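Readers should treat all values here as calculations from the given coordinates under stated rules, not as data from a laboratory. Quick caveat: nothing in here was measured; it's all calculated off a predicted structure. Because the Cβ atoms are built from the backbone with ideal geometry, glycine has one as well, and the counts that use them run over all protein chains shown.
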Amino acid sequence: MRMLNEQKVMRDPIHGYIHVDLQVVWDCINAKEMQRLRRIHQLGGDYFVYHTAEHSRFAHSLGVYEIVRRMLEEVQSLSDYVSAYEKMAVMLAGLLHDLGHGPFSHAFEEISKKRHEEYTVSMILDETGDIYQALVKEHPRLPQDVVSIIQYRYKKECLNQLISGQLDADRMDYLLRDAYFTGTDYGRFDLKRIMRTMRLHDGKIVVKDSGMQSVEDYVMARYHMYWQVYLHPVARSYEKILVALFRRMKTVYQTDPQLLQEVKMFHPFLKEEVADQTALFRLDDCATLYGFSCLQENEDPIIADLAKRLVNRKLFVYETIKDNKQVEDIKHRVSKQGYDLTYYVHVDMISQRPYAPYSGKNEKDAVWILKEDGTVIALEDASVIVQALIHAKVRKDQKIFYPESL
Ligand code: CA
């Protein structure tokens, strides 16, 4: 394992400092695929709702890396169980887990037809890429091992849990970071306390009974952040227009591709076949916003209008759906104003369970509490609060989005 001559530290508002000792981690941070994440907003279009939500996927990725690094240092039983090589691999998995994100995060997955996890894997395993080169320089097996941790199939379960379990470094960082940068206080919880009470038990990550209150707080933080931030109707309105614009471009691209000459960066995502990681690499927020800016002058009136809406934040208004008549009335009104309903009226249903209990099948879904007598039970069986949450009704929200009347 190659160490840096001197530890690198980077300031971070969430964790104080990010510490880097390993050469391979530093090389990956400086790789072009990681640097691209500086140009991807962590919360996609949420900065149209929360004006300070300007933080990048790059900052979040460093944060996940730092939480993993601290867990490996702090949790003695975990530290003893994994080799130095595995520590390196899991820290890298934390750092690299979001490489494959497109612009405007999850909405973009509807456009690209490929999930960001799959793009992440193709980017890490792309032999021509900087990341792959940095990893193999350290160890020939490293790209594969990092990928298998990200895909939750590494042989030591606890390493997978650290990156994508119910109580993983990814969620812990994004909740704290998104709460900080949106100015909402709901996402806060006691990360230090959770780390102090984490243990390794039978190869799994568990939390001691005495840390349960901080885990409950974390579960609640997640619930509130979903409704306050991630599923905010204005952010959903932005996403509806984004997806509608790409759908319109796809149609126009088939019949009249020269109308889209100016926006070559979008072409791979308008074709039938799924775009590869090189096309995704080129498409960051800057390229996308430049594209929208050009499209404002497009000859196709729908493309021009939707692009203007995105650039100038003239988003769709929304109503909570009560009945079918309301939906039909809105469609009728919007259609009378001359709008094409395919692009201008969107019905959207979302639902969220406050906490999904462990089904007994997928270890990934469990949070384990270590009781004082040494037994291990699922969080929902240990906590009355979480128990109440799993019996709570699934919260549903059905909205209709459409342009404001002229
Ligand atoms: Ca993430």
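Just a few scattered comments:
- Integer Hz, Karplus 6.51/-1.76/1.60 couplings in order for the stretch 192-203, x for Gly and Pro: 4, 5, 4, 5, 5, 9, 6, 9, 9, 9, 6, x
- Springs join every pair of Cα atoms under 10 Å in this Gaussian network model of the chain, and among 390, 241, 194 the largest mean-square fluctuation is at 390.
- As a rough guide to protection, the peptides 91-97, 287-293 ranked by mean Cβ packing within 10 Å, highest first, stand as 91-97, 287-293.
- Hull-based mean projected area of the stretch 5-88, where the convex hull spans the alpha carbons, in square nanometres: 6.6 nm²
- Within the listed set 69, 353, 11, the residue fluctuating most in the Gaussian network model of the chain (springs between alpha-carbon atoms under 10 angstrom) is 11.
- Gaussian network model of the chain, Cα within-10 Å springs - most flexible of 59, 84, 31: 84
- Unsatisfied cross-links (Cα-Cα over 31 Å) in the set 113/192; 361/396; 156/396: 113/192; 156/396
- Note on the stretch 190-228 and the stretch 75-118: Cα centroid distance 20 Å, given to the nearest whole angstrom.
- A simple spin-label model places the labels of residue 341 and residue 297 3.6 nm from each other, with each point 7 Å out along Cα-to-Cβ.
- Our summary of shape: the Cα atoms of the stretch 136-268 have principal axis extents of 63, 44, 21 Å, ordered from largest down, in whole angstrom.
- Taking label positions 7 Å along the Cα-Cβ direction at both residue 80 and residue 209, the computed distance is 2.2 nm, reported to one decimal.
- Cα pair count fraction exceeding 17 Å, expressed as % - the stretch 305-406: 67 percent
- Summing charges over all other residues whose Cβ lies under 12 Å from the Cβ of residue 42, with Lys and Arg as +1 and Asp and Glu as -1, gives -3.
- What you get for the stretch 118-197, charging only the Cβ of Lys and Arg (+1) and of Asp and Glu (-1), is a dipole of about 460 debye around the Cα centre.
- Rh by Kirkwood over Cα pairs, then Stokes-Einstein D for the chain at 0.692 mPa s and 37 °C, µm²/s: 144 µm²/s
- The Cα center of the stretch 26-59 and the Cα center of the stretch 283-337 differ in position by 25 Å.
- Packing, as the average of other Cβ atoms within 10 Å across residues, places the peptides 157-168, 257-268, 320-331, 209-220 in the order 157-168, 209-220, 257-268, 320-331, highest first.
- Computed from the C-beta positions of residue 391 and residue 231, the FRET efficiency with R₀ = 22 Å rounds to 0.55.
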